[in-house]
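Novice: I have a structure I would like to understand better, so I am pasting it below and will then ask my questions one at a time.
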Amino acid sequence: MNVIIETERLFLRQMNEDDFDALYLVLSDAEIMQHYPYIFDEKKVREWIKRNMDRYKENGFGLWAVCLKKTGEMIGDCGLTLQNIDGKMLPEIGYHIRRDHQRKGYAKEAAKAVMDWAFMNTDYPALYSYCKYTNLASIKTAESIGMSFEREYPDEVNGITHVSVIYKK
Ligand SMILES: CC(C)(COP(=O)(O)OP(=O)(O)OC[C@H]1O[C@@H](n2cnc3c(N)ncnc32)[C@H](O)[C@@H]1OP(=O)(O)O)[C@@H](O)C(=O)NCCC(=O)NCCS
């Protein structure tokens, strides 16, 4: 099943086309995606899965499916991707958790495990998280795993983008 990471309540595995229904519930939710420039339709969710499957091959990592150990159900994604942050390609920890499973510590648990994985399995000296400056849940999740404010910069998509960082010890 290509499990990459196990935590107390979750496992993270590579996503695949069969995850479409579960991921659609997460990414097409207008409330969840309120800080994004658009809501995901069916085509965008399929592209999201394909892009991450390509990333596994190209980079050895990507956004992985976040699944509950108890039921096996996929409730979101979390992982490492390379993102253009203020003009530089940098390793970024990203996360999306289905609305009915939010505020239970799942994003924090998954993101912390991804951070540990990345420091163990890559040579990156720092890991980043970035989002629109109004996305408090995302910023708080980054800070909950030990990241801190790095900078804010203006950009076309977000208006202002907020960047959090953690350095390898
Ligand atoms: C960001 C997101 C993944 C957080 O998921 P979650 O599972 O609810 O987060 P957790 O329960 O693990 O909480 C992590 C931390 O953030 C805080 N937090 C979570 N949601 C919050 C909110 N809406 N407002 C304030 N703080 C919030 C929690 O209190 C916790 O901090 P603590 O450990 O210091 O108490 C979820 O809100 C989401 O999917 N948002 C939409 C997608 C998105 O914007 N992703 C990030 C863009 S890259």
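Read the figures in this text as sums done on the coordinates, not as results from a lab. Because the structure is a prediction, the values reported are computed rather than measured. Neighbour counts run over all protein chains shown; Cβ positions are idealised from the backbone, glycine included.
Novice: Let me know the charge dipole size of the range 3-167 about its Cα centre in debye, to the nearest 20, where only the beta-carbon of Lys, Arg (+1) and Asp, Glu (-1) is charged.
Specialist: 300 debye
Novice: Using 0.36 nm per residue of separation minus the Cα-Cα distance, give me the extension gain between Val3 and Gln34 in nm, one decimal.
Specialist: Net length gain for the segment: 8.1 nm.
Novice: Hey, another quick one. Separation of the range 7-56 and the range 65-97 by C-alpha centroid, Å?
Specialist: Cα centres, the range 7-56 to the range 65-97: 9 Å.
Novice: Here's something else I'd like to know. For Asp100 and Glu58, what is the calculated FRET efficiency with R₀ set at 30 Å and r taken between the beta-carbons, to the nearest 0.05?
Specialist: Efficiency, from the Cβ-Cβ distance: 0.35.
Novice: Could you give me the percent of Cα pairs per 10 Å distance bin for the range 114-169, shortest bin first, beginning at zero and ending with the bin that holds the maximum distance?
Specialist: Using 10 Å bins, I get a P(r) of 25, 48, 25, 2 for the range 114-169.
Novice: Further, regarding this structure: Which of Met74, Thr122, Tyr56 sits closest to the plus end of the dipole of the range 3-167, meaning its Cα is farthest towards the positive end, when Lys and Arg get +1 and Asp and Glu get -1 on the C-beta?
Specialist: Met74
Novice: Starting from the Cα gyration tensor of the chain, multiply each eigenvalue by 5, take the square root, and state the resulting semi-axes largest first in whole Å.
Specialist: Values: eigenvalues 97, 73, 51 Å².
Semi-axes (√(5λ), whole Å): 22, 19, 16.
Novice: Can you tally the net charge around Lys132? Count Lys and Arg as +1, Asp and Glu as -1, for every other residue whose Cβ sits under 11 Å from the Cβ of Lys132.
Specialist: -2
Novice: Between Glu152 and Gln83, how many nm apart are label points set 7 Å from Cα along the C-beta direction?
Specialist: In this crude spin-label approximation the distance works out to 1.6 nm.
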